[in-house]
Amino acid sequence: MSELDDFVRHRPRLLALAYRMLGSHADAEDVVQDAWLRWSNAAHESIESSEAWLITAVTRLSIDRLRALRREREGYVGFWLPEPVVTVDERTPEAASMLASDVSYAMLWMMERLSPLERAAFLLREVFDRDYAEIAAALDKSVAACRQLVHRASRHVRNHERRYTVDHAAQRKLLEQFIAAAQNADMQTLQALVSADAELVGDGGGKVPSFRHVLRGSEEIANLYSFMSRKYGSRVSYCIVQVNGMPGLSRHVDGKLESVQACITDGIAITGLYVVRNPDKLANIFAADVTSVHAQSS
């Protein structure tokens, strides 16, 4: 197998790792491209495992890039949310590439609070199932230090993440009911479909209006969706799409994609909404697929 074939074989997993580290498609692609350049110039005869070598390279490049991004994002207007991976069908090549190892959008949001080293150790252990010796080699730390990193990260993420096992059919049915209520400005039904302690986080990036605080509670969130219907009427519509491998929503105004919304549910009600409105983050979405679904549902 040639060096190129070996790299291509591992590329989907490398891209999945870089995306989960950085929360950005473009930055993930850049990191994987940098890893390829290093791989193409490496002394391959001395490499025992191409997978381990490449994962180490992508991990270290991602840590460096994340540290730079954290400094850049200090001036970001409002909340910074990861770029969503949106597909109509989770079996598409794009979905298979970016979702090679499942991580919910809510967990990506929680991981923003971790340090780059904690994030890398957590992902390598909990998502990509690497042993501690491999993690130690990738991070150039001791095994004991890596265990501590994973422990701290896991404690933070698990303490804040709501863990439900809900099949996609139940989620889709709930979102269908939510869409009908939102389009009809049906406050009573909207409130019934949203958990009393639900949270909504919006990301406009200073490019479009968005809330600078987290919306909390069924009444506040229901009011927002009811207002959208009253303001835009039939000009606003919703579609169910796959957002990071789970049923979510795309919202359209005058046929144009206005936002992508990752929806967290317990099967009975919506418990979390992550609304990405920043047009820079929507530009990378598979517009043709989303538009075709919008056309079918209009």
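The values are calculated or read from the model by the stated rules, or taken from the named source; none is laboratory data. Keep in mind the model is a prediction, meaning the values are calculated, not measured. Cβ coordinates were reconstructed from backbone atoms using ideal geometry, including for glycine residues, and neighbour counts include every protein chain displayed. SASA here: full protein model, heavy atoms, side chains in, ligands and nucleic acids out. Shrake-Rupley method; radii C 1.70, N 1.55, O 1.52, S 1.80 Å.
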How long are the semi-axes of the ellipsoid equivalent to segment 129-267, from square roots of 5 times the Cα gyration tensor eigenvalues, in whole Å, largest first?
37, 17, 15
If you take every DSSP beta bridge fully contained in the chain, what fraction is antiparallel? Give it as a percent rounded to 5.
80
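If you filter segment 142-246 for GluC sites (Glu not before Pro), then keep DSSP loop positions with at most 16 other Cβ within 10 Å, what is left?
E161
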Global geometry of segment 2-94, whether rounded, prolate or oblate, following the gyration tensor of its Cα atoms and the 1.5 cut on a/c:
oblate
Cα gyration tensor category, rounded, prolate or oblate, for segment 1-157 with a/c compared to 1.5
oblate
Angle, helix 287-297 long axis vs. longest principal axis of the chain, Cα atoms, 0 to 90°, nearest 10?
30
For the chain, what is the calculated [θ] at 222 nm in deg cm²/dmol (nearest 500), taking -39500 (n - 2.57) for each run of four or more DSSP H residues and dividing by its residue count?
-16500 deg cm²/dmol
Taking only protein heavy atoms into account and a 1.4 Å probe, give the accessible area per residue of segment 156-268 in Å².
48
What nm value, rounded to one decimal, do you get for the distance between R230 and A52 when each label is placed 7 Å out toward the C-beta?
6.3
Anchor K207: lysines whose Cα lies under 22 Å away (excluding residues fewer than 8 positions away in-chain):
K231, K256, K281
Round to the nearest 10 and give me the degree value, 0 to 90, for the angle of helix 3-22's Cα axis relative to the longest principal axis of the chain.
50
Kindly identify segment 176-229 as rounded, prolate or oblate by the Cα gyration tensor criterion: order the square roots of the eigenvalues as a ≥ b ≥ c, call it rounded if a/c is under 1.5, otherwise compare a/b with b/c, prolate if a/b is larger, else oblate.
oblate
Taking Cα atoms, how many degrees apart are the long axis of helix 218-232 and the longest axis of the chain, rounded to 10 and kept between 0 and 90?
70
Accessible-area composition of the chain, carbon plus sulfur, in percent [1.4 Å probe]
49
